[in-house]
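The values are calculated or read from the model by the stated rules, or taken from the named source; none is laboratory data. These numbers were taken from a predicted model, which means no experiment stands behind them. When we count neighbours, we look across all protein chains shown, and the Cβ atoms used for this are built from the backbone with ideal geometry, even at glycine. These accessible areas exclude ligands, DNA and RNA; they are computed on the full protein's heavy atoms, side chains included. Shrake-Rupley method; radii C 1.70, N 1.55, O 1.52, S 1.80 Å.
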Amino acid sequence: MGDHSCLSHNVDCYCVALVKLGAHSTVSQYSYLCTASHDFENAKMPLVTSPIIIGEGAWVTADVFVGPGVTIGEGAVVGARSSVFKDVAPWTVVAGNPANLIKKRTIRS
């Protein structure tokens, strides 16, 4: 966890692989960070793992699912109750199931 990063209450951080939170990033309540799944095409269904990286200043809002291998870019925002299965570009806002681009994120002064 980077400086001033936050995992809020009731976040489920299933960290079979690395979970990295950049400085000033936030993961809000009830979100699920899942670094593992199973190879369902293999009869033995072995465990497969991949890290989750959350960039500096990113915000994963309430009740979001983030799947294995996902990188959420610097300054990105993931809308409430979204499901993220692919990387999120820096400085974007995404939402939905699966998460889709809503707009570029800009900071007002």
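Applying the set (1) charged (D, E, K, R); (2) on the phi > 0 side of the Ramachandran plot; (3) surrounded by fewer than 15 Cβ atoms within 10 Å (Cβ to Cβ) to K86 leaves exactly one unmet item: (2). Assessment of the range 96-107 against the conditions (open to solvent by less than 20 Å² (accessible area, probe 1.4 Å), of a type outside the set (S, T, N, Q) and farther than 13 Å from S25 by Cα) yields no matching residue.
Could you look through the range 16-56, keep only residues that are without any contact (Cβ under 8 Å) to a residue 24 or more places away in the chain and in a loop (DSSP other than H, G, I, E, B), and pick out the one that is most open to solvent (accessible area, probe 1.4 Å)? By that ranking, first place goes to K44.
Exactly one residue out of T61, T71, T92 is open to solvent by less than 30 Å² (accessible area, probe 1.4 Å), among the hydroxyl-bearing types (S, T, Y), within 12 Å of the chain's Cα centre (by Cα) and within 17 Å of S25 (Cβ to Cβ), and it is T61. Of all residues in the range 4-11, one or more are more than 15 Å from S83 (Cα to Cα), among the hydroxyl-bearing types (S, T, Y) and open to solvent by less than 40 Å² (accessible area, probe 1.4 Å).
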